[in-house]
Amino acid sequence: MKRLRFSRTTFVVFIAMFLVSLIASSVFAGGPTGGSPNDPLMVPTDWQNIPPNTTLWFYFDYASDVTGGRFRPGSRTTVNITVDTQGIEGLQLAIYTPVQGKEWLRDQTIAPVGRGTPYRSTATGDITRDLYWSGAFNTSGRYFAALTNNYPVAIPFRLTVTGDTVTLYPTPLPSPTPTLLITPTPVAVGATQGRIVFQDANGGVIYTVNGDGTNLTIVTRGMEPAWSPDGKQIAFARWDAPYPGIYIANADGSNERLVYGVLRARSPRWSPDGKFIAFTQDKTTSDRNVRWKLGVIELEHTPPGTDQVVSARLSEPQCSALCFVPSWSNNGATLVYDDPQYGIMATNVISGPASIVLGPSGTYFDTGAMMPRPILHLPPIQSAMTSPNGTRILYTLKAHDRWELNMVNADGTNQVALTNPDPIMYAMIGYRFNNVAPIWSPDGKQILFLSDRNGKWEFFLTDPSGSTIRQVLKNVSDLVPIRFDFENERMMDWTK
(Lines give C-alpha, C1' and ligand atoms only; values in the text may rest on other atoms or scores of the structure.)
Protein backbone atom coordinates (compact mmCIF):
# COMPACT_ATOMS: atom_id res chain seq x y z
CA MET A 1 0.00 0.00 0.00
CA LYS A 2 1.38 3.42 -0.95
CA ARG A 3 2.14 5.80 1.88
CA LEU A 4 0.75 9.32 1.66
CA ARG A 5 3.36 12.06 1.52
CA PHE A 6 2.72 15.75 2.00
CA SER A 7 5.08 18.40 0.73
CA ARG A 8 5.38 21.81 2.37
CA THR A 9 3.42 23.30 -0.55
CA THR A 10 0.65 20.76 -0.15
CA PHE A 11 0.43 21.52 3.56
CA VAL A 12 0.20 25.29 2.93
CA VAL A 13 -2.54 24.78 0.32
CA PHE A 14 -4.39 22.51 2.75
CA ILE A 15 -4.32 25.09 5.54
CA ALA A 16 -5.33 27.86 3.14
CA MET A 17 -8.35 25.88 1.98
CA PHE A 18 -9.28 25.19 5.57
CA LEU A 19 -9.12 28.89 6.46
CA VAL A 20 -11.19 29.76 3.37
CA SER A 21 -13.85 27.33 4.53
CA LEU A 22 -13.93 29.00 7.94
CA ILE A 23 -14.25 32.44 6.34
CA ALA A 24 -17.00 31.15 4.09
CA SER A 25 -18.91 29.87 7.07
CA SER A 26 -18.92 33.35 8.63
CA VAL A 27 -20.10 34.88 5.33
CA PHE A 28 -22.96 32.47 4.81
CA ALA A 29 -24.13 32.38 8.43
CA GLY A 30 -26.32 35.43 7.98
CA GLY A 31 -29.67 34.12 9.18
CA PRO A 32 -31.32 35.43 12.35
CA THR A 33 -30.28 33.80 15.61
CA GLY A 34 -32.88 35.23 17.98
CA GLY A 35 -30.16 36.55 20.27
CA SER A 36 -31.46 40.13 20.59
CA PRO A 37 -34.13 42.59 19.35
CA ASN A 38 -31.72 43.38 16.50
CA ASP A 39 -31.75 39.74 15.37
CA PRO A 40 -35.19 38.32 16.22
CA LEU A 41 -36.73 35.13 14.91
CA MET A 42 -40.12 34.79 13.28
CA VAL A 43 -42.77 33.12 15.41
CA PRO A 44 -42.44 29.38 14.64
CA THR A 45 -45.38 27.42 13.27
CA ASP A 46 -44.73 24.22 15.25
CA TRP A 47 -42.96 22.84 18.31
CA GLN A 48 -39.36 23.96 18.87
CA ASN A 49 -36.70 23.49 21.56
CA ILE A 50 -34.93 26.24 23.48
CA PRO A 51 -31.44 25.29 24.74
CA PRO A 52 -30.55 25.61 28.43
CA ASN A 53 -29.59 29.04 29.79
CA THR A 54 -30.76 30.77 26.62
CA THR A 55 -33.03 33.68 25.68
CA LEU A 56 -34.66 33.71 22.24
CA TRP A 57 -36.33 36.81 20.79
CA PHE A 58 -39.31 36.54 18.42
CA TYR A 59 -41.04 39.40 16.62
CA PHE A 60 -44.53 40.19 15.40
CA ASP A 61 -45.95 43.30 13.73
CA TYR A 62 -48.94 45.03 15.29
CA ALA A 63 -51.25 47.67 13.82
CA SER A 64 -53.06 49.89 16.31
CA ASP A 65 -56.35 51.75 15.81
CA VAL A 66 -57.03 50.30 12.38
CA THR A 67 -60.46 49.20 11.17
CA GLY A 68 -61.04 48.42 7.50
CA GLY A 69 -57.83 50.21 6.61
CA ARG A 70 -58.94 53.45 8.26
CA PHE A 71 -57.62 55.03 11.43
CA ARG A 72 -60.12 55.08 14.26
CA PRO A 73 -59.06 56.26 17.74
CA GLY A 74 -59.96 53.97 20.63
CA SER A 75 -60.23 50.83 18.50
CA ARG A 76 -57.14 49.02 19.82
CA THR A 77 -57.15 45.28 19.15
CA THR A 78 -56.00 42.63 21.58
CA VAL A 79 -52.90 40.47 21.21
CA ASN A 80 -52.94 37.01 22.79
CA ILE A 81 -49.62 35.23 23.38
CA THR A 82 -49.45 31.68 24.70
CA VAL A 83 -46.55 29.30 25.38
CA ASP A 84 -47.14 25.56 25.77
CA THR A 85 -44.39 23.36 27.28
CA GLN A 86 -46.22 20.08 27.97
CA GLY A 87 -46.30 21.09 31.64
CA ILE A 88 -42.50 21.37 31.93
CA GLU A 89 -41.59 24.34 34.11
CA GLY A 90 -38.61 26.60 33.57
CA LEU A 91 -39.56 29.06 30.80
CA GLN A 92 -40.19 32.77 31.21
CA LEU A 93 -42.10 34.94 28.72
CA ALA A 94 -41.52 38.69 28.45
CA ILE A 95 -43.23 41.16 26.06
CA TYR A 96 -41.33 44.25 24.82
CA THR A 97 -42.54 47.26 22.82
CA PRO A 98 -40.45 48.67 19.92
CA VAL A 99 -39.03 51.37 22.21
CA GLN A 100 -38.23 48.89 24.96
CA GLY A 101 -36.49 46.67 22.41
CA LYS A 102 -34.12 49.49 21.55
CA GLU A 103 -33.61 50.36 25.22
CA TRP A 104 -32.82 46.70 26.01
CA LEU A 105 -29.82 46.88 23.68
CA ARG A 106 -28.42 49.58 25.95
CA ASP A 107 -29.67 48.28 29.30
CA GLN A 108 -30.64 44.60 29.54
CA THR A 109 -32.23 45.13 32.96
CA ILE A 110 -35.08 47.18 31.50
CA ALA A 111 -38.48 45.82 32.55
CA PRO A 112 -40.79 44.50 29.79
CA VAL A 113 -44.30 45.76 29.25
CA GLY A 114 -45.70 42.39 30.32
CA ARG A 115 -44.81 38.89 31.49
CA GLY A 116 -46.47 35.57 30.85
CA THR A 117 -48.10 33.65 33.69
CA PRO A 118 -49.90 30.30 33.88
CA TYR A 119 -53.50 30.55 32.68
CA ARG A 120 -56.19 28.82 34.73
CA SER A 121 -59.59 27.90 33.38
CA THR A 122 -62.34 29.90 35.07
CA ALA A 123 -64.59 26.85 34.83
CA THR A 124 -62.32 24.16 36.30
CA GLY A 125 -59.42 26.03 37.86
CA ASP A 126 -56.97 23.85 35.92
CA ILE A 127 -53.92 25.30 34.18
CA THR A 128 -54.71 25.14 30.45
CA ARG A 129 -51.81 27.29 29.19
CA ASP A 130 -48.33 27.05 30.67
CA LEU A 131 -47.70 30.77 29.99
CA TYR A 132 -50.20 33.39 28.81
CA TRP A 133 -50.30 37.14 28.19
CA SER A 134 -53.00 39.32 26.68
CA GLY A 135 -53.00 43.05 26.02
CA ALA A 136 -53.23 45.90 23.53
CA PHE A 137 -50.81 48.62 22.44
CA ASN A 138 -51.20 52.31 21.71
CA THR A 139 -48.93 52.44 18.69
CA SER A 140 -48.19 50.32 15.65
CA GLY A 141 -44.78 48.72 15.18
CA ARG A 142 -42.62 45.66 15.63
CA TYR A 143 -43.10 44.06 19.04
CA PHE A 144 -41.12 41.27 20.70
CA ALA A 145 -41.77 38.12 22.70
CA ALA A 146 -38.65 36.95 24.55
CA LEU A 147 -38.49 33.38 25.88
CA THR A 148 -35.89 32.61 28.53
CA ASN A 149 -34.88 29.10 29.61
CA ASN A 150 -33.09 29.15 32.96
CA TYR A 151 -33.43 25.39 33.28
CA PRO A 152 -30.25 23.27 32.87
CA VAL A 153 -31.75 21.26 29.98
CA ALA A 154 -33.51 22.08 26.73
CA ILE A 155 -37.28 22.63 26.94
CA PRO A 156 -39.77 22.01 24.13
CA PHE A 157 -42.21 24.85 23.50
CA ARG A 158 -44.87 26.08 21.13
CA LEU A 159 -45.27 29.85 20.87
CA THR A 160 -48.53 31.26 19.54
CA VAL A 161 -49.27 34.95 18.82
CA THR A 162 -52.76 35.88 17.62
CA GLY A 163 -54.76 39.07 17.08
CA ASP A 164 -56.87 40.75 14.41
CA THR A 165 -54.10 43.20 13.52
CA VAL A 166 -51.11 40.95 14.20
CA THR A 167 -48.98 40.03 11.19
CA LEU A 168 -46.71 36.98 11.23
CA TYR A 169 -44.32 36.29 8.39
CA PRO A 170 -43.53 32.96 6.78
CA THR A 171 -40.32 31.20 7.71
CA PRO A 172 -37.48 32.39 5.48
CA LEU A 173 -35.41 30.05 3.33
CA PRO A 174 -32.42 28.65 5.23
CA SER A 175 -29.07 30.32 4.81
CA PRO A 176 -26.59 28.46 2.58
CA THR A 177 -24.52 25.96 4.52
CA PRO A 178 -20.79 26.04 3.72
CA THR A 179 -19.07 22.83 2.68
CA LEU A 180 -16.24 22.13 5.11
CA LEU A 181 -12.98 20.68 3.94
CA ILE A 182 -13.50 17.68 6.21
CA THR A 183 -15.27 14.87 4.36
CA PRO A 184 -18.82 14.71 5.79
CA THR A 185 -20.30 11.50 7.08
CA PRO A 186 -22.98 10.24 4.65
CA VAL A 187 -26.56 10.86 5.77
CA ALA A 188 -28.78 7.80 5.57
CA VAL A 189 -32.40 8.59 4.78
CA GLY A 190 -34.94 6.06 6.03
CA ALA A 191 -32.21 3.52 6.73
CA THR A 192 -33.15 2.77 10.33
CA GLN A 193 -36.03 0.46 11.22
CA GLY A 194 -38.08 0.28 14.40
CA ARG A 195 -38.49 3.02 17.00
CA ILE A 196 -36.05 4.99 19.14
CA VAL A 197 -36.64 6.43 22.60
CA PHE A 198 -34.12 9.07 23.66
CA GLN A 199 -33.52 11.88 26.10
CA ASP A 200 -32.22 15.33 25.23
CA ALA A 201 -30.30 15.41 28.53
CA ASN A 202 -30.26 13.65 31.87
CA GLY A 203 -33.43 14.72 33.68
CA GLY A 204 -34.69 16.46 30.54
CA VAL A 205 -37.34 15.63 27.99
CA ILE A 206 -37.87 12.05 26.75
CA TYR A 207 -38.94 11.57 23.12
CA THR A 208 -39.86 8.72 20.83
CA VAL A 209 -39.33 8.73 17.06
CA ASN A 210 -39.61 6.27 14.22
CA GLY A 211 -36.34 4.99 12.82
CA ASP A 212 -36.89 6.97 9.62
CA GLY A 213 -37.21 10.23 11.57
CA THR A 214 -41.00 10.53 11.46
CA ASN A 215 -43.48 10.91 14.31
CA LEU A 216 -41.23 12.71 16.81
CA THR A 217 -43.26 12.70 20.04
CA ILE A 218 -42.69 14.07 23.53
CA VAL A 219 -43.38 11.27 26.03
CA THR A 220 -42.42 12.61 29.45
CA ARG A 221 -39.46 13.96 31.39
CA GLY A 222 -36.84 11.94 33.22
CA MET A 223 -33.62 10.15 32.53
CA GLU A 224 -32.17 7.13 30.71
CA PRO A 225 -35.29 5.63 29.11
CA ALA A 226 -35.48 1.95 28.10
CA TRP A 227 -38.01 -0.02 26.03
CA SER A 228 -39.82 -3.06 27.40
CA PRO A 229 -39.13 -6.23 25.37
CA ASP A 230 -42.46 -5.92 23.52
CA GLY A 231 -41.96 -2.20 22.79
CA LYS A 232 -45.21 -1.24 24.53
CA GLN A 233 -43.77 0.43 27.64
CA ILE A 234 -40.86 2.65 28.63
CA ALA A 235 -38.96 2.56 31.92
CA PHE A 236 -37.08 5.64 33.11
CA ALA A 237 -35.70 7.23 36.26
CA ARG A 238 -36.58 10.50 37.92
CA TRP A 239 -34.74 12.30 40.72
CA ASP A 240 -36.94 15.29 41.45
CA ALA A 241 -39.48 15.54 44.25
CA PRO A 242 -42.02 14.60 45.34
CA TYR A 243 -41.63 11.01 44.10
CA PRO A 244 -38.14 10.13 42.85
CA GLY A 245 -37.51 6.57 41.66
CA ILE A 246 -38.04 4.15 38.78
CA TYR A 247 -41.09 4.79 36.58
CA ILE A 248 -42.95 2.94 33.84
CA ALA A 249 -45.22 4.52 31.21
CA ASN A 250 -46.94 3.35 28.06
CA ALA A 251 -45.08 4.07 24.84
CA ASP A 252 -47.24 7.16 24.24
CA GLY A 253 -46.58 8.49 27.76
CA SER A 254 -49.94 7.48 29.21
CA ASN A 255 -50.44 5.51 32.43
CA GLU A 256 -47.22 6.79 33.99
CA ARG A 257 -46.58 5.18 37.38
CA LEU A 258 -43.88 4.86 40.02
CA VAL A 259 -42.85 1.22 40.45
CA TYR A 260 -40.04 1.70 42.95
CA GLY A 261 -39.31 4.77 45.03
CA VAL A 262 -35.64 5.61 45.65
CA LEU A 263 -33.86 8.94 45.95
CA ARG A 264 -31.20 8.53 43.24
CA ALA A 265 -31.63 5.72 40.71
CA ARG A 266 -30.28 5.45 37.19
CA SER A 267 -30.20 3.34 34.03
CA PRO A 268 -33.27 1.09 34.31
CA ARG A 269 -33.12 -1.92 31.99
CA TRP A 270 -35.78 -4.58 31.34
CA SER A 271 -34.94 -8.28 31.54
CA PRO A 272 -35.46 -10.28 28.31
CA ASP A 273 -38.72 -11.75 29.66
CA GLY A 274 -40.04 -8.35 30.80
CA LYS A 275 -40.54 -9.48 34.41
CA PHE A 276 -37.64 -7.59 35.99
CA ILE A 277 -35.98 -4.19 35.77
CA ALA A 278 -32.32 -3.80 36.72
CA PHE A 279 -30.98 -0.38 37.69
CA THR A 280 -28.23 1.27 39.70
CA GLN A 281 -28.82 3.30 42.85
CA ASP A 282 -26.81 5.69 44.98
CA LYS A 283 -25.72 3.91 48.16
CA THR A 284 -23.19 6.51 49.31
CA THR A 285 -22.59 6.12 53.04
CA SER A 286 -22.85 8.81 55.70
CA ASP A 287 -19.07 9.22 55.70
CA ARG A 288 -19.26 10.11 51.97
CA ASN A 289 -17.85 6.81 50.83
CA VAL A 290 -19.29 6.87 47.30
CA ARG A 291 -21.14 3.70 46.31
CA TRP A 292 -23.42 2.92 43.36
CA LYS A 293 -24.95 -0.55 43.66
CA LEU A 294 -27.21 -2.71 41.52
CA GLY A 295 -30.88 -3.27 42.19
CA VAL A 296 -33.36 -5.60 40.49
CA ILE A 297 -37.12 -5.06 40.71
CA GLU A 298 -39.43 -8.00 40.21
CA LEU A 299 -42.42 -6.16 38.80
CA GLU A 300 -45.06 -8.66 39.92
CA HIS A 301 -44.79 -11.71 42.20
CA THR A 302 -46.97 -13.85 44.45
CA PRO A 303 -45.76 -14.19 48.06
CA PRO A 304 -45.63 -17.78 49.39
CA GLY A 305 -48.89 -18.96 50.89
CA THR A 306 -51.01 -16.34 49.10
CA ASP A 307 -52.70 -15.92 45.76
CA GLN A 308 -52.31 -12.13 45.75
CA VAL A 309 -50.13 -10.49 43.09
CA VAL A 310 -47.79 -7.91 44.66
CA SER A 311 -45.68 -5.38 42.78
CA ALA A 312 -42.03 -4.37 42.96
CA ARG A 313 -40.00 -6.74 45.08
CA LEU A 314 -36.37 -5.61 45.26
CA SER A 315 -33.22 -7.73 45.27
CA GLU A 316 -29.63 -6.50 45.23
CA PRO A 317 -27.12 -8.64 43.31
CA GLN A 318 -23.50 -8.63 44.43
CA CYS A 319 -21.36 -6.13 42.61
CA SER A 320 -18.31 -3.93 43.07
CA ALA A 321 -18.29 -0.42 44.53
CA LEU A 322 -19.31 1.57 41.46
CA CYS A 323 -21.81 -0.31 39.31
CA PHE A 324 -23.11 1.67 36.33
CA VAL A 325 -25.36 1.09 33.27
CA PRO A 326 -26.38 -2.54 33.84
CA SER A 327 -27.53 -4.60 30.86
CA TRP A 328 -28.92 -8.14 30.75
CA SER A 329 -27.38 -11.09 29.02
CA ASN A 330 -29.85 -13.08 26.92
CA ASN A 331 -29.96 -15.82 29.59
CA GLY A 332 -31.84 -13.46 31.91
CA ALA A 333 -29.50 -14.35 34.80
CA THR A 334 -26.37 -12.26 34.17
CA LEU A 335 -25.93 -8.51 34.43
CA VAL A 336 -23.02 -6.76 32.73
CA TYR A 337 -22.02 -3.32 33.98
CA ASP A 338 -19.00 -1.04 34.06
CA ASP A 339 -17.00 0.10 37.06
CA PRO A 340 -14.51 2.98 36.61
CA GLN A 341 -12.08 1.19 38.94
CA TYR A 342 -12.04 -2.19 37.23
CA GLY A 343 -13.47 -2.01 33.72
CA ILE A 344 -16.35 -4.17 32.50
CA MET A 345 -17.85 -6.49 35.13
CA ALA A 346 -20.48 -9.25 35.25
CA THR A 347 -22.57 -10.66 38.08
CA ASN A 348 -25.34 -13.21 38.55
CA VAL A 349 -28.66 -11.76 39.66
CA ILE A 350 -29.25 -14.66 42.08
CA SER A 351 -25.93 -15.34 43.81
CA GLY A 352 -22.17 -15.18 43.53
CA PRO A 353 -19.60 -12.37 43.40
CA ALA A 354 -18.95 -10.08 40.48
CA SER A 355 -16.16 -10.96 38.07
CA ILE A 356 -14.02 -8.93 35.69
CA VAL A 357 -14.84 -9.32 32.00
CA LEU A 358 -12.39 -6.76 30.66
CA GLY A 359 -9.60 -4.77 32.26
CA PRO A 360 -7.68 -2.85 29.58
CA SER A 361 -4.42 -4.45 28.47
CA GLY A 362 -1.37 -3.63 30.53
CA THR A 363 -3.32 -3.63 33.79
CA TYR A 364 -2.14 -5.77 36.69
CA PHE A 365 -4.38 -6.81 39.56
CA ASP A 366 -3.80 -7.39 43.25
CA THR A 367 -5.46 -10.82 43.41
CA GLY A 368 -4.95 -11.04 47.16
CA ALA A 369 -7.82 -8.65 47.77
CA MET A 370 -11.45 -9.84 48.03
CA MET A 371 -12.12 -7.86 44.87
CA PRO A 372 -9.02 -7.53 42.67
CA ARG A 373 -7.77 -3.98 42.85
CA PRO A 374 -6.13 -2.41 39.80
CA ILE A 375 -2.55 -1.35 40.44
CA LEU A 376 -2.18 0.69 37.26
CA HIS A 377 -4.58 3.39 36.12
CA LEU A 378 -7.35 2.18 33.82
CA PRO A 379 -8.47 4.27 30.86
CA PRO A 380 -12.08 5.20 31.61
CA ILE A 381 -14.74 2.84 30.26
CA GLN A 382 -18.42 3.74 29.94
CA SER A 383 -21.69 2.55 28.42
CA ALA A 384 -21.10 -1.22 28.46
CA MET A 385 -24.04 -2.99 26.77
CA THR A 386 -24.55 -6.68 25.97
CA SER A 387 -25.66 -7.66 22.46
CA PRO A 388 -29.15 -9.18 22.03
CA ASN A 389 -27.67 -12.68 21.61
CA GLY A 390 -25.38 -12.24 24.61
CA THR A 391 -22.12 -12.89 22.74
CA ARG A 392 -20.60 -9.39 22.55
CA ILE A 393 -20.36 -6.26 24.64
CA LEU A 394 -20.28 -2.69 23.30
CA TYR A 395 -18.57 0.03 25.31
CA THR A 396 -16.80 3.38 25.00
CA LEU A 397 -13.15 3.86 25.91
CA LYS A 398 -11.30 7.11 26.63
CA ALA A 399 -8.47 7.22 24.08
CA HIS A 400 -6.17 10.09 25.04
CA ASP A 401 -8.23 13.19 24.13
CA ARG A 402 -11.40 11.57 22.78
CA TRP A 403 -13.91 8.76 23.33
CA GLU A 404 -14.22 5.87 20.87
CA LEU A 405 -16.54 2.89 20.40
CA ASN A 406 -15.13 -0.55 21.20
CA MET A 407 -16.42 -4.11 21.33
CA VAL A 408 -15.32 -7.29 23.09
CA ASN A 409 -16.61 -10.85 23.31
CA ALA A 410 -18.69 -11.64 26.38
CA ASP A 411 -15.82 -13.75 27.75
CA GLY A 412 -13.37 -10.82 27.50
CA THR A 413 -11.56 -11.97 24.36
CA ASN A 414 -11.07 -10.25 20.99
CA GLN A 415 -11.17 -6.61 22.01
CA VAL A 416 -11.56 -4.42 18.90
CA ALA A 417 -12.03 -0.72 18.13
CA LEU A 418 -15.07 0.22 16.02
CA THR A 419 -14.25 3.91 15.55
CA ASN A 420 -10.96 5.79 15.14
CA PRO A 421 -10.04 9.36 14.21
CA ASP A 422 -9.12 10.29 10.67
CA PRO A 423 -5.30 9.90 10.88
CA ILE A 424 -4.55 12.72 8.44
CA MET A 425 -6.87 15.29 10.00
CA TYR A 426 -5.87 14.23 13.50
CA ALA A 427 -2.14 14.54 12.81
CA MET A 428 -2.19 17.75 10.80
CA ILE A 429 -4.71 20.01 12.50
CA GLY A 430 -5.70 18.10 15.62
CA TYR A 431 -9.24 17.51 14.36
CA ARG A 432 -10.90 15.18 16.86
CA PHE A 433 -14.38 14.23 18.00
CA ASN A 434 -16.13 11.82 20.33
CA ASN A 435 -18.25 8.73 19.66
CA VAL A 436 -20.36 7.80 22.68
CA ALA A 437 -23.51 6.16 24.11
CA PRO A 438 -23.78 3.15 21.74
CA ILE A 439 -26.81 0.85 21.70
CA TRP A 440 -27.59 -2.30 19.74
CA SER A 441 -30.40 -2.65 17.23
CA PRO A 442 -33.00 -5.25 18.29
CA ASP A 443 -31.49 -7.82 15.90
CA GLY A 444 -27.87 -7.00 16.85
CA LYS A 445 -26.90 -6.12 13.27
CA GLN A 446 -26.52 -2.35 13.73
CA ILE A 447 -25.24 0.08 16.35
CA LEU A 448 -26.71 3.53 16.99
CA PHE A 449 -24.52 6.07 18.77
CA LEU A 450 -23.94 9.79 19.33
CA SER A 451 -21.06 11.77 17.86
CA ASP A 452 -20.09 15.44 17.98
CA ARG A 453 -18.09 15.28 14.72
CA ASN A 454 -20.24 18.03 13.17
CA GLY A 455 -19.97 20.39 16.14
CA LYS A 456 -23.01 19.14 18.06
CA TRP A 457 -24.36 15.80 19.30
CA GLU A 458 -26.07 13.88 16.49
CA PHE A 459 -27.12 10.29 15.73
CA PHE A 460 -24.94 7.92 13.72
CA LEU A 461 -25.27 4.32 12.63
CA THR A 462 -22.69 1.62 11.98
CA ASP A 463 -22.45 -2.13 11.67
CA PRO A 464 -20.61 -4.27 14.26
CA SER A 465 -17.43 -4.10 12.18
CA GLY A 466 -17.37 -0.28 12.30
CA SER A 467 -16.63 -0.19 8.56
CA THR A 468 -19.68 1.82 7.46
CA ILE A 469 -20.71 4.89 9.43
CA ARG A 470 -23.69 6.98 8.36
CA GLN A 471 -25.56 9.84 9.94
CA VAL A 472 -29.23 9.18 10.70
CA LEU A 473 -32.16 11.08 12.25
CA LYS A 474 -30.62 14.38 11.18
CA ASN A 475 -34.02 16.06 11.12
CA VAL A 476 -34.39 15.11 14.79
CA SER A 477 -30.99 16.35 15.97
CA ASP A 478 -31.53 19.57 13.98
CA LEU A 479 -34.73 20.16 15.94
CA VAL A 480 -33.80 18.82 19.39
CA PRO A 481 -30.52 20.02 20.97
CA ILE A 482 -28.87 17.05 22.67
CA ARG A 483 -26.61 17.33 25.69
CA PHE A 484 -24.17 14.60 26.72
CA ASP A 485 -22.11 15.01 29.90
CA PHE A 486 -19.79 11.96 29.78
CA GLU A 487 -21.35 10.69 33.02
CA ASN A 488 -22.16 7.18 31.86
CA GLU A 489 -25.64 8.29 30.86
CA ARG A 490 -27.62 5.93 28.66
CA MET A 491 -29.09 8.34 26.14
CA MET A 492 -31.40 6.12 24.08
CA ASP A 493 -32.84 2.69 23.38
CA TRP A 494 -34.11 0.85 20.30
CA THR A 495 -37.07 -1.45 19.72
CA LYS A 496 -38.69 -3.14 16.72
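Of all residues in the range 298-309, at least one satisfies being open to solvent by 60 Å² or more (accessible area, probe 1.4 Å), outside any strand (DSSP E or B), among the hydrophobic types (A, V, I, L, M, F, W, C) and modelled with pLDDT under 95. Condition first: of a type outside the set (S, T, N, Q), assigned to a loop (DSSP other than H, G, I, E, B), modelled with pLDDT under 90 and closer than 26 Å to Tyr143 by Cα. Can you find one or more residues in the range 13-29 that meet it? Taking every residue of the range 13-29 in turn, at least one turns out to be of a type outside the set (S, T, N, Q), assigned to a loop (DSSP other than H, G, I, E, B), modelled with pLDDT under 90 and closer than 26 Å to Tyr143 by Cα. Candidates are the residues of the range 357-388 that are at pLDDT below 80 and either charged (D, E, K, R) or crowded, with 20+ Cβ neighbours inside 10 Å (or both); the one that is farthest from Ser327 (Cα to Cα) is Asp366.
Just so you know, in the range 120-131 the residues that are under 31 Å from the mean Cα position of the chain (by Cα) and open to solvent by 30 Å² or more (accessible area, probe 1.4 Å) include one that is modelled with the highest pLDDT, and it is Asp130. Does Arg288 fit the bill of being surrounded by fewer than 14 Cβ atoms within 10 Å (Cβ to Cβ) and in contact with a strand residue (DSSP E or B) (Cβ under 7 Å, 6 or more places away or on another chain)? For Arg288, the condition - surrounded by fewer than 14 Cβ atoms within 10 Å (Cβ to Cβ) and in contact with a strand residue (DSSP E or B) (Cβ under 7 Å, 6 or more places away or on another chain) - is not met. With the condition kept exactly as written, say whether any residue in the range 248-269 is within 26 Å of Ala333 (Cα to Cα), among the aromatic types (Phe, Trp, Tyr) and modelled with pLDDT of 95 or more. Within the range 248-269 (the criterion being within 26 Å of Ala333 (Cα to Cα), among the aromatic types (Phe, Trp, Tyr) and modelled with pLDDT of 95 or more), the answer is no, since none of the residues qualifies. When each of Ser75, Ser36 is tested for being open to solvent by less than 80 Å² (accessible area, probe 1.4 Å), at pLDDT 90 or above, polar (S, T, N, Q) and in a loop (DSSP other than H, G, I, E, B), the lone residue that passes is Ser36.
For every residue, the table says whether it meets (1) modelled with pLDDT under 95; (2) buried (at least 22 other Cβ atoms within 10 Å of the Cβ); (3) in a strand (DSSP E or B).
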site	(1), (2), (3)
Val197	no, yes, yes
Gly203	yes, no, no
Glu224	no, yes, yes
Pro229	no, no, no
Phe279	no, yes, yes
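Pairs are defined by a Cβ separation below 7 Å, a sequence spacing of at least 6 or placement on different chains, a first member in the range 243-260 that is surrounded by 20 or more Cβ atoms within 10 Å (Cβ to Cβ), and a second member that is of a type in the set (D, E, K, R) and outside any strand (DSSP E or B); the pairs so defined are Tyr247/Glu256.
To keep it simple, each residue is scored yes or no on (1) assigned to a helix (DSSP H, G or I); (2) surrounded by fewer than 19 Cβ atoms within 10 Å (Cβ to Cβ).
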| site | (1), (2) |
| --- | --- |
| Leu93 | no, no |
| Gly101 | yes, no |
| Trp104 | yes, no |
| Thr109 | no, yes |
| Pro118 | no, yes |
| Trp133 | no, no |
| Phe137 | no, no |
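Restrict the check to the range 183-192 and report whether at least one residue is β-branched (Val, Ile, Thr), at pLDDT 85 or above and not in a loop (DSSP other than H, G, I, E, B). No, that holds for no residue. Within the group Ile110, Ile88, Ile81, which residue is at pLDDT 85 or above and closer than 30 Å to Arg483 by Cα? After applying the criteria, what remains is Ile81.
The values are calculated or read from the model by the stated rules, or taken from the named source; none is laboratory data. What you are looking at is a predicted structure, and each value in this text was computed from that prediction instead of being measured. Backbone-built Cβ (ideal geometry, glycine too); neighbour counts: all protein chains shown. What goes into the accessible areas is simple: the full protein's heavy atoms, side chains included, and nothing from ligands, DNA or RNA. Shrake-Rupley method; radii C 1.70, N 1.55, O 1.52, S 1.80 Å.
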